[in-house]
Amino acid sequence: MYDSNFSDRLDIAIEKIGGIGKACSIIGVSYPTIGRWKEGTSDPKLSNVKAFAEAANVSLDWLVNGTGEKKKKKTARKILIREAEEKDVSAIY
């Protein structure tokens with residue numbers, strides 16, 4: 001079933017990735033393939049939608065359904081890494 005809002009969300013994800021060319025390269029699909037997804041003449045594989053969400057740093061739920069938070073939540077591990085990077089951990093060694 002075609003969802004024009006999915007096309008809009010896909011455009012936002014493409015922009016966040018850095019453009020259609022970069023998105024095609026990262027996801028591993030052609031420009032015409034993405035065009036068919038946006039037109040609703042073809043449905044993307046789940047693995048491709050997941051790759052789009054990851055590359056654009058948006059939640060899968062938002063990209064697919066338009067629900068939930070747009071920005072992907074950081075995992076506890078990513079938060080700890082970021083906090084460590086912000087501190088001067090070199091003083092420990």
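Of the two radii for region 1-54, the radius of gyration is 0.91 times the Kirkwood radius, both from the alpha carbons; that is the Rg over Rh value. Annotation: amide H of Val58 within the under-5 Å range of Lys72, sequence separation 5 or more or interchain, hydrogens built in the peptide plane.
Each value in this text was obtained by applying a stated rule to the coordinates, not by laboratory testing. Nothing here was measured: the structure is a model prediction, and the numbers come from that model.
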